[in-house]
Amino acid sequence: MGPILLTGGAGYIGSHTGVELLNAGHDIVVFDNFSNSHPEVLDRVEQITGKSVHLVRGDIRHQAELEAAITTYNCQAVIHFACLKAVGESMERPLEYYENNVLGTLQVLQAMRATGVNTLLFSSSATVYGVPQYLPLKETHPLSATNPYARSKLIIEDILRDLHRANPEWRIGILRYFNPVGAHESGLIGEDPLGVPNNLMPFIAQVAVGRRNTLQIWGRDYPTPDGTGIRDYLHVVDLAIGHLRALQHLDTPQCLSLNLGTGTGYSVLEIVHAFEKSSGKTIPYEFAPRRTGDVASCYADPSLALAVLGWKAERTLERMCEDTWRWQHHNIHGYRS
Ligand code: NAD
Ligand code: UFG
């Protein structure tokens, strides 16, 4: 296969996927506006792999920039990561979220159509299942959205299904990620949120490294064994390898939705204790009221991805914590360290 365009390829999941693609012999073109990432990440990807990364600074809302990138490098497939992803911010700034995520994706699809590229992996999310009606979540679970970020993902999924109905020759993989955490084992790349982290693992890592004082645990009265929320955390390198497998599978026309998760849920307290063990640091925490919109438990049934792709998340919670810690304490202020 020719070069692959990674929109948002400088971000957390895109950079780890880039490493796996390069290691598997693919050429990659990163298309990013660096609104939530740092160009340094691409030097690190090159350092890890010993291969070079093509970079196009551009915005997915501009179709002409996308078309130029695809034709300049003769890209044969697109992995579309670029997105605004903060749930709380999406409730305050819905129009920005719909413009960046939905309008941006329409430009990606139109640029693909104009250049004759019809192989696409799309970063969706477990958030499209809304409030779980049963667990573990299967791909056939009803879809719904409880905030603009989630709704932007659901709208895009619907657009992709419509596109495939109208043009069945398209090869589309909709990947519904659960909770990606961890970092590359080199400690050179990892998650580097701007400002206060919204997500649990980067917050814990910043407490461990002394950037923040105390973790707030949102809710201790959920109907779970220890009262804290349960999620399906998966190692970002396993997730990246899932993209490689999915791309290999898109050798025939289809529109397939797949869960990428481990199938195992851990509570907030279990994550805190696992991180303390891996890092040797104490994580001070206090309980706070539930965060609006959070569900008690959410975890995947990942059996379809195993059956279809032969993919299974292999890395343990211990590995997720060790790798997060290695990244964070070698890069206390992330790529700006
Ligand atoms: P990230 O913010 O680290 O990466 C997204 C990248 O897209 C960034 O480099 C950003 O600069 C770029 N970008 C944003 N808007 C752009 C635009 N208009 N034009 C060009 N580039 C733009 O996020 P991530 O965690 O790597 O997430 C990647 C994808 O996975 C997103 O679509 C996200 O919704 C999805 N996802 C993430 C999680 C998670 O917990 N991290 C969970 C489920 C789904
Ligand atoms: N939590 C805390 N304190 C914090 C941060 C999080 O207690 O400072 C708790 C949350 O209440 C939740 C758990 O930790 O119980 C995980 O929260 P995250 O914010 O890390 O993850 P979410 O499951 O809420 O959401 C993430 C992404 C979404 C994505 C979803 C898919 O942020 O974009 O996973 O399952 F849609």
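Remarks
- About the Cα centre, charge dipole magnitude for segment 6-98 (Lys/Arg +1, Asp/Glu -1 at Cβ), debye: 80 debye
- Given a 1.4 Å probe and the protein chains as shown, Glu139 ends up with an accessible area of around 30 Å².
- Accessible surface of the chain, 1.4 Å probe, proportion on carbon and sulfur as whole %: 49 percent
- For the chain, a Gaussian network of Cα nodes joined below 10 Å ranks Ser37, Ser144, Ser152 by mean-square fluctuation, and the top entry is Ser144.
- Estimated inter-spin distance, Arg319 and Glu89, nm [label 7 Å along Cα→Cβ]: 3.1 nm
- Using a probe of 1.4 angstrom and keeping all protein chains present, the accessible surface of the chain works out to 42 square angstrom per residue.
- Shape of segment 75-195, Cα gyration tensor, a/c cut at 1.5: rounded
- Given their separation in residues at 0.36 nm each and the Cα-Cα distance between them, His330 and Gln47 gain 100.3 nm when the chain is fully extended.
- Between Asp251 and Asn213, the contour length at 0.36 nm per residue exceeds the alpha carbon distance by 8.7 nm.
- Taking the charge dipole of the chain about its Cα centre, with +1 at Lys and Arg Cβ atoms and -1 at Asp and Glu Cβ atoms, the residue from Tyr335, Tyr222, Gly130 reaching farthest to the positive side is Tyr222.
- Length available on full extension from Asp221 to Met1: 0.36 nm per residue minus the Cα-Cα distance, which gives 74.1 nm.
- Computed helical MRE - 222 nm, the chain, DSSP H runs ≥ 4 contributing -39500 (n - 2.57), nearest 500: -11500 deg cm²/dmol
- Dipole moment magnitude, nearest 20 debye, segment 153-207 about Cα centre, only Lys, Arg, Asp, Glu C-beta charged: 200 debye
- Debye, to nearest 20: dipole size of the chain, +1 on Lys, Arg Cβ, -1 on Asp, Glu Cβ: 240 debye
- Within the full protein context, the accessible area of Tyr222 is estimated at about 20 Å² for a probe radius of 1.4 Å.
- List Asp323, Asp192, Asp251, ordered by accessible area with a 1.4 Å probe, largest first: Asp251, Asp192, Asp323
- Only lysines eight or more places from Lys85 in sequence, or on another chain, were considered; those with a Cα closer than 19 Å are Lys153.
- Ranking by accessible area, most exposed first, for Arg211, Arg165 with a 1.4 Å probe: Arg165, Arg211
- With all protein chains modelled, accessible area of Thr252 [1.4 Å, Å²]: 70 Å²
The values are calculated or read from the model by the stated rules, or taken from the named source; none is laboratory data. The model shown is predicted, which means the values in this text are computed figures rather than measured ones. Heads up, the Cβs are rebuilt from the backbone with ideal geometry, glycines too, and the neighbour counts pull from every protein chain shown. Accessible surface is based on the protein model in full, side chains and every heavy atom, while ligands, DNA and RNA are left aside. Shrake-Rupley method; radii C 1.70, N 1.55, O 1.52, S 1.80 Å.
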